[in-house]
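**Q** I am attaching a structure below and will ask some questions about it afterwards.
The values are calculated or read from the model by the stated rules, or taken from the named source; none is laboratory data. What you see is a predicted model; the values in this text were computed from it and never measured. For neighbour counting, all protein chains shown are included, and Cβ atoms are generated from backbone atoms with ideal geometry for every residue, glycine included. Keep in mind that these areas ignore ligands, DNA and RNA; they rest on the heavy atoms of the full protein, side chains included. Shrake-Rupley method; radii C 1.70, N 1.55, O 1.52, S 1.80 Å.
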Amino acid sequence: MLDALYKPKSVAIIGASTKELSIGNRIIKNLLDFGFKGSVYPINPKADEVRGIRAYNSILDVSSEIDLAHVIIPNKFVPQAVEDCGKKGVKVAIINSAGFKEIGGEGILLEEQVVKKAKEYNVRVFGPNCQGIINTNPNVRAYCNFTFTKPETGCISIIAQSGGVGEVINQRFSELDVGIRMYASNGNACDISIPEIIRYWSDDEQTRVIVVHVENLSNPKEFMEAAKETAVKKPILGMKTGRTKEGAKAVSSHTGGLAKIDIATELIFKKCGIVTFRDQEELCQAAVAFASQPIPKGKRVGIITNTGGPAIIATDELVEAGLEIPQLSNNAIKILKEKLYSAASVNNPIDVLATGGGEHFRAALDVLMNEPQIDSIFINFVTPFFVDTDMISQEIVEENKAHKKPIICNLMTDKRQWTKTINILKNGGVPCYSLPETAARALIAMTRYNDLKAREIGEVQIFNDVDREKARRIIKESKKEGGEFLPAEKVNNLLAAYNIPIAKWGLVNNSKEVLKEARKIGFPVVVKVDTKSIVHKSDVGGIALNLEEKEVESTVKDMERKFTAEKPSFFVQEFLSGGKELIIGAKAEKDLGHLILFGIGGIYVEILKDVAFGITPITALEAKEMLSSIKSYSLLSGFRGEKGVDQEKLVEILQRVSQLVTELPMVQEIDLNPIIAYENRVVVVDARIRI
Ligand code: ADP
Ligand code: MG
């Protein structure tokens, strides 16, 4: 339980300072200014008081109980301070001091000492190298943080791995006049982790929305579990930064973590139902809507407008994101015809005209609230001087009180003149935006959350026709023989053990043996050199395709001459013409499992880069989504009379590869490229496995 961190009754500041511009002074000022409901104990052996509060020599000299201690002293004294905290019975220490894992070398050792002391003395640690927390709960008012923005009370809780990002987000909410509930920026996170905090907020009823910023996930599995459980209860809006190689480098040099997982983070977000953003502004604006509005139950939007152009912009934005603007029922149209001006537009979008007043907006709102095929309402409201705009605001607020369907309002006005109109909406809890795009994106984000929540990915299917014993034996043997890559024969046997279809094949030692083997397989055949040293056979002329009986032997003879130094064996394979070349691959990711890949394969895979990723183990539905999310999906489904490929079989192979790497975690990389696919057959013709 993190109550001692978020609801402390008393806070000690180890390293309290009389210097105005120091963190040890600022935190005391923040606690006092924010109206902290508990007691504050400055600890400073050289001062009698700090900011007018009695200071103590040591935390051990304080006679009352202390829940939480800030530690703001030079890094090398921190382990001792943690020990003192333990002796005093302090439950949580926020270590603001820097100079730990993030500086490497001795910093890493120091952080280990902190963790050790904390375990030994039963103290939970928040940080080090961090800002701290805020709790705006009126009964607590804890500003245990050295930054400066004083948030209003609200229902958004923010956790940011980067204190800088956290502060910017906090600041933006403040500018948008939206309150927050709790805040956390835990820096190196040596003990209390982001997942633990997410879980805490999951149970906090007053937190309606969680905002998460991460640079890297030190424990992706734990994060995934916590976020998944939470995201079904309340929306998590997430942002991952350090997506580019350069960005990731900046991350690892300024926080304690290493940028371990990159592409995986966005997949993790998706897998656990986090609404993902690439832009802080968009995230904050969306959070405003999430904070006050019910979640739309679907993607059908009803639009009410009193001006043309901006409604068109909103419509474009919504429709491009996959939302719908459905026609209204005859009954709805009939009502609108009765209640609106005759020149008004009585279908969706409903144009009440610039001369439309409160009663017209109300009539349109009533209709949309009652239309079963409408899930959310977008109001485009410009404030003309010739109507009573306060009245319009009031009618919108009345309708909003019922909390029946989400309402988003794009309010176009002069903020200095129409203050009353604006305040009615604001106090009535209607999220207002000053541009149609911004408002539309907030509604899109809410609809996305509903989609994610409603999404049933199904159960992971386990294939029991696989020969696990044999597969393990093959890997064991290869390990003994040494070498990272499995030889081609073993690769094929391993795939066969998992019932992954491979092209008919045989292995021969020289040109003399080849004809006999090729006859068994049937002509035409393909011959490939097989040695440990050659990774890409086609790059070095190690492949001969479409060979007929008369040319096989001489071709292999030529290859023998060409690759004398490598002493190769030869792989003989059936020649498969006219199929589509695809790729399936998987790669181990530390602390997560494997990333699995599907896409257009063959020798152009790196150029086309038309691939989709997933996190193993994947379900059939996730596999299907991977297929349909590549750009060239129409190649798979068929177009212009050309036949598609056996997608069901591909989905099955993806699941089998997922099962293979899950059951054989020592497989670092598997690369099936190409897989040749036809309308009713799919076969692997080249595979590599690295252990
Ligand atoms: P590598 O990846 O080592 O260069 P591959 O075995 O993937 O070698 O072969 C390269 C290309 O040759 C494939 O992308 C495919 O176009 C073609 N190819 C390989 N094997 C066959 C086969 N059995 N039937 C038809 N074409 C093949
Ligand atoms: Mg290949």
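**Q** If each DSSP helix of 4+ residues adds -39,500 (n - 2.57) and the sum is divided by the residues in the chain, what number results at 222 nm, nearest 500 deg cm²/dmol? Walk me through the numbers on the way to the answer.
**A** Working: 24 runs with 268 residues, N = 691.
Calculated at 222 nm, the ellipticity per residue is -12000 deg cm²/dmol.
**Q** Residues in the range 360-379 near a label at K334, defined as backbone nitrogen under 20 Å from the 7 Å Cα→Cβ point?
**A** 363-374
**Q** How do K537, K557, K46 rank by accessible surface area computed with a 1.4 Å probe, from largest to smallest? Provide the component values of the computation, followed by the final result.
**A** Numbers: K537 30, K557 95, K46 195 Å².
The ranking, largest first, comes out as K46, K557, K537.
**Q** Something else about it: Which of the aspartates and glutamates could be linked to K334 by a straight reach, that is with a Cα gap under 16 Å, when you skip same-chain ones fewer than 8 residues away?
**A** Candidates past the 8-residue exclusion: D351, D366, E371.
**Q** How would I313, I676 rank on accessible area, largest to smallest, probe 1.4 Å? Let's see the in-between values first.
**A** Working: I313 70, I676 15 Å².
I get I313, I676, largest accessible area first.
**Q** Taking the 0 to 90 degree range and rounding to the nearest ten, how far is the long axis of helix 23-33 tilted relative to the main principal axis of the chain, both from C-alpha atoms?
**A** It is inclined by approximately 50 degrees.
**Q** Starting from 0.36 nm per residue, how many nanometres of slack lie between D33 and F485 once their C-alpha separation is accounted for? Provide the component values of the computation, followed by the final result.
**A** On the way: separation 452, 0.36 × 452 = 162.72 nm, distance 6.34 nm.
The D33-F485 span can extend by a further 156.4 nm.
**Q** Can you compute the FRET efficiency between E20 and V168 using 1/(1 + (r/R0)^6), with r the Cβ-Cβ distance and R0 = 25 Å? Round to the nearest 0.05. Intermediate values should be presented prior to the final figure.
**A** Numbers: r = 24 Å, r/R0 = 0.97.
That pair, E20 with V168, gives E of 0.55.
**Q** Label 7 Å along Cα→Cβ of R681; the range 506-532 residues with amide nitrogen under 15 Å?
**A** 521-526
**Q** Also, I was wondering about something else. Could you order peptides 453-464, 495-506 by the average number of other Cβ atoms within 10 Å of their residues, highest first? If you can, show how the numbers build up before the last one.
**A** On the way: 453-464: 11.5, 495-506: 17.9.
Output ranking for 453-464, 495-506: 495-506, 453-464.
**Q** With label points built 7 Å along Cα→Cβ from the Cα atoms of E65 and Q417, find their separation and express it in nm.
**A** With each label point 7 Å from Cα toward Cβ, the separation is 6.0 nm.
**Q** Please get the size of the charge dipole for the range 594-686, origin at its Cα centre, with Cβ charges of +1 on Lys and Arg and -1 on Asp and Glu, quoted in debye to the nearest 20.
**A** Numbers: 8 positive and 13 negative charges, 54 e Å.
So the magnitude is around 260 debye.
**Q** Say each of S554 and L608 gets a label point 7 Å from the Cα, pointing the same way as Cα to Cβ; how far apart are those two points in nm?
**A** 3.4 nm
**Q** Note the angle between two axes, namely the Cα long axis of helix 220-231 and the longest principal axis of the Cα atoms of the chain, as a number of degrees from 0 to 90, rounded to the nearest 10.
**A** Once rounded, one gets 50 degrees.
**Q** What whole-number distance in Å separates the alpha-carbon centres of the range 448-515 and the range 110-147?
**A** Cα centres, the range 448-515 to the range 110-147: 48 Å.
**Q** Further question on the same structure: Give, rounded to the nearest 20 debye, the magnitude of the charge dipole that the chain has about its Cα centre when Lys and Arg contribute +1 at Cβ and Asp and Glu contribute -1 at Cβ.
**A** Numbers: 88 positive and 89 negative charges, 204 e Å.
Taking the Cα centre of the chain as origin, the dipole is about 980 debye.
**Q** If Lys and Arg each add +1 and Asp and Glu each add -1, what is the summed charge of the other residues whose beta carbon sits under 15 Å from the beta carbon of I350? Numbers along the way, then the final one.
**A** Numbers: positive: R300, K334, K337, K339, R362, K405; negative: E338, D351, E359, D366, E371, E395, E399.
With Lys, Arg at +1 and Asp, Glu at -1, the neighbours total -1.
**Q** How big is the C-alpha Rg of the chain next to the rule-of-thumb value 2.2 N^0.38 Å, as a ratio? Please report the intermediate quantities before stating the final value.
**A** Numbers: Rg = 31.8 Å, N = 691, 2.2 N^0.38 = 26.4 Å.
Ratio of Cα Rg to 2.2 N^0.38 Å: 1.21.
**Q** Efficiency by 1/(1 + (r/R0)^6): what FRET value for V535 and A496, r their Cβ-Cβ distance, R0 = 22 Å, to the nearest 0.05? Present the calculation step by step, with values, prior to reporting the outcome.
**A** Numbers: r = 22 Å, r/R0 = 1.01.
The formula returns an efficiency of 0.50 here.
**Q** Please give the residues of the range 439-456, grouped as numeric ranges, whose backbone N is less than 11 Å from a label point set 7 Å along the Cα-to-Cβ vector of D279.
**A** Within reach of a label on D279, which here means backbone N under 11 Å from a point 7 Å along Cα→Cβ, the range 439-456 contributes 439-442.
**Q** Here's a follow-up. Mind checking the full-extension length gain between K87 and M1? Use 0.36 nm per residue of separation minus the Cα-Cα distance, one decimal, nm.
**A** Details: separation 86, 0.36 × 86 = 30.96 nm, distance 2.02 nm.
The span from K87 to M1 would gain 28.9 nm if fully extended.
**Q** Helix 511-521 against the longest principal axis of the chain: what's the angle in degrees, Cα atoms only, rounded to the nearest 10?
**A** So the helix axis and the longest Cα principal axis differ by about 70 degrees.
**Q** Cross-link list K587/K609; K528/K567; K299/K453; K7/K228; K91/K233: which exceed 18 angstrom alpha carbon to alpha carbon? Working shown, then result.
**A** Values: K587/K609 16 Å; K528/K567 13 Å; K299/K453 13 Å; K7/K228 26 Å; K91/K233 29 Å.
Distance filter (> 18 Å) returns K7/K228; K91/K233.
**Q** Between M369 and E120, what's the calculated FRET efficiency when r is the beta-carbon distance and R0 is 45 Å? Round to 0.05.
**A** Values: r = 60 Å, r/R0 = 1.34.
So, using R0 = 45 Å, E works out to roughly 0.15.
**Q** Also: Modelled label-to-label distance, V382 and F523, 7 Å Cα→beta-carbon offset: nm?
**A** Computed distance between label sites V382 and F523 equals 7.9 nm.
**Q** Could I ask something else about it? Could you check how much of the accessible area of the chain is carbon and sulfur, as a whole percent, using a 1.4 Å probe? If you can, show how the numbers build up before the last one.
**A** Working: 15460 of 30580 Å².
That fraction is 51 percent.
**Q** Along the positive direction of the dipole of the chain (beta-carbon charges: Lys, Arg +1; Asp, Glu -1; about the Cα centre), which of S10, V527, V491 reaches farthest?
**A** S10
**Q** Give me the extension gain from A321 to F639: residue separation times 0.36 nm, minus the current Cα-Cα distance, reported in nm with one decimal.
**A** Length difference between fully extended and current span is 112.0 nm.
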